[in-house]
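Computed from the coordinates by the stated procedures, all read-outs in this text should not be read as laboratory data. The shown structure was predicted, so the numbers you read here are calculated from the model rather than taken from an experiment. Neighbour counts run over all protein chains shown; Cβ positions are idealised from the backbone, glycine included.
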Amino acid sequence: YTDPHWWTGRSAMVHLMDWRWQDIARECEEFLAPNGYAGVQVSPANEHNIFDDQRSWMERYGPISYILTTRSGNQAAFADMTRRCNAVGVRIYVDVVFNHMTGSGTLGSAGNTADLVNRNYPAVPYTREHFNPSCNIYNWNNPYEIRNCELLGLPDLNQGNEHVRTKIVEFLNNLIDLGVAGFRVDAMKHMWPGDLEVIWSRLKNLNTAHGFPANARPFVVGEVIAGYSIENDGFLGSEYFPLGTITEFRYSQEISRVFSGNDLLKWLSSFGEGWGFWPSKYALTFVDNHDNQRDGHVLTYKNGRTYKMATAFHLAWPYGVPRLMSSFNFTNRDQGPPRDAVGNIVAPEFNANGQCTNGWVCEHRWHQIKEMVKFRNVVGSAAVANWWDNGGNQIAFSRGNRGFIAFNGQYGIDLSQNLQTGLPAGTYCDIATGIKSGSSCTGGSVVVGSDGRANIFLSATVPEGFLAIHAESRL
Ligand code: LM2
Ligand code: CA
């Protein structure tokens, strides 16, 4: 469950939060595939409660049934998306919510209803006997409470119940039939690993008609926050390793802390297992996700320069399975995605530079981020080499002889050094400031000598804060 089934030469996924299926299909064809993106995490696809006038994004984490009709489209549109994205080598991972059902709102996006008082969800169907007895999670270190009581007061399904297992398996197998490559499992730490193992064992192999090899198992990223030690959390994240990868929240917190200026960049030389994070194979990494980008503790699109630097490091560094965030603009936490007068989600619109304009942020289209995805694809599995730092906030390293990147996070001090890039001699286009266009570069360039060394200059005020060159940016 740890293989994301990426096409050869691709290496990063992006969460297109709250995009419609038809818009994702088009984005796969027109932008993601041509720019080497490997996959998309899509928002929950099953029927959810309709909240209020604001049509908050949170709606989609309150299931009403497993019918695939949401604000993003219906099952036919979902199937069209997976077919078109798989055809161009972009995998679809769907956010699945089955720890709980909605605890508010009684009308669903497919027109079904819920009777909250009686725990009645007829479109599944679930009734009271399928839920755990009602209790609050008071002690987050108690493994029984976090699994069997109600997260945020949401009615908690009992995954030990045979009928519940059957309904979840049917739901996930329907998505597999429709061509998904895997799942983002919401609230995974609130479900027992043993119950999930039974459910996983009943899942089909991925659909070969969508280009997956025979016997391929779905990729899984489980939302598991913390779980660092029995003492702190009452359970271990490693209990979930047999089920796939899990979200490495420490990665998000620490990379944000470092690039916010609260720690030295030089310590990044051991980022990953060296910082006590999960083994790389089981770690899903991100700078921000749809939850913590709203909490103000991590870097997000709102930070601009430091966010681009953190994301560039994220993509340049070989640890974990990287997931990028692609947001809609928000000014309050609960705000929903861009919509029209009657509440329907609207398609992203693009300016002449290909940047989103009408409320969608589209970080994945930002020049530096798009180009760093390419950097990651070009360097492939080449090892980190030629690490250099100034003892503070200026760092540089290569990925074998395939790519080289330097960061200047030192306030007020230019980076001006003659450094070993590991690359063959030549003139290279700096992808942070430009792109290669024929035999010239639209931005800065770097001249690498026959000894692999180059004069690297990054002024303290350069907007991007980093410089990167790779085998395919050679002029
Ligand atoms: C997650 N991961 O494990 C999601 O990433 C997160 O976004 C979800 O919460 C959470 N688990 C449950 O799926 C979000 C939001 C919550 C919101 C829920 C459900 O952050 O604030 O809960 O979605 O919409 C809110 C209230 C809650 C209330 C619920 C009504 O906080 O008290 O429950 O709405 O359905 C009665
Ligand atoms: Ca639970």
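Under the criterion of Cα pairs below 8 Å and six or more residues apart, the relative contact order for the chain equals 13 percent. Per-peptide packing, taken as the mean over residues of other Cβ atoms within 10 Å, places 67-75, 212-220, 197-205 in the sequence 67-75, 212-220, 197-205 from highest down. Note that region 335-475 shows a convex hull volume over its alpha carbon atoms of 143 Å³ per residue. In a DSSP loop and with at most 13 other Cβ atoms within 10 Å, the GluC sites (Glu not before Pro) in region 304-374 are Glu349. Computed about the Cα centre, the dipole magnitude for region 144-197 is approximately 120 debye when only Lys and Arg (+1) and Asp and Glu (-1) carry charge, each at its Cβ.
Secondary-structure-derived ellipticity at 222 nm for the chain, considering helices only, amounts to -5500 deg cm²/dmol, per-run term -39500 (n - 2.57) for DSSP H runs with n ≥ 4.
If you average the C-alpha positions of region 33-105 and of region 14-30 separately, how far apart do those two centres end up, in angstrom? Value for the Cα centre distance between the two parts: 11 Å.
In plain terms, the residue of Glu47, Glu162 with the fewest other Cβ atoms within 10 Å comes first and the most crowded comes last, giving Glu162, Glu47. Each residue of the chain gets 138 Å³ once the volume of the Cα convex hull is shared out per residue. Can you grab the distance from the C-alpha centre of region 111-160 to the C-alpha centre of region 266-343, Å, no decimals? Cα centroid of region 111-160 versus Cα centroid of region 266-343: 30 Å apart.
Per residue, the Cα convex hull of region 269-425 amounts to 160 Å³. Dipole magnitude for the chain: computed about the Cα centre from +1 point charges on Lys and Arg Cβ and -1 point charges on Asp and Glu Cβ, it is near 1100 debye. Taking the charge dipole of the chain about its Cα centre, with +1 at Lys and Arg Cβ atoms and -1 at Asp and Glu Cβ atoms, the residue from Tyr93, Pro322, Pro213 reaching farthest to the positive side is Pro213. Extent along the principal axes, Cα only, for region 317-385: 53, 29, 18 Å, with the longest axis given first.
Across region 176-280, Cα-Cα pairs farther apart than 16 Å form 65% of the total.
Peptide packing for 114-127, 12-25 was compared via the average number of neighbouring C-beta atoms within 10 Å per residue; ordered from the highest value, the list is 12-25, 114-127.
Placing unit charges on the Cβ atoms only, positive for Lys and Arg and negative for Asp and Glu, gives region 130-233 a dipole magnitude near 380 debye about its Cα centre. Sequence-distant contacts, meaning Cα pairs under 8 Å at least 6 residues apart, place the relative contact order of region 328-475 at 20 percent.
Pair-distance distribution P(r) for region 370-451, from all Cα-Cα distances in 10 Å bins starting at 0: 17, 48, 33, 2 percent. What is region 79-178's relative contact order, in percent, from Cα pairs under 8 angstrom and six or more apart in sequence? Rounded, it is 23 percent for region 79-178. A cut-off under 15 angstrom between Cβ atoms defines the neighbours of Tyr319, and their net charge, with Lys, Arg +1 and Asp, Glu -1, is +2. For region 248-339, take the convex hull of the Cα atoms, compute a quarter of its surface area, and give me that in nm², please. Approximately 6.1 nm², given one-decimal rounding. Among the listed pairs Lys374/Lys436; Lys266/Lys308; Lys266/Lys374; Lys308/Lys436; Lys189/Lys281; Lys308/Lys374, those with a Cα-Cα distance over 23 Å are Lys266/Lys374.
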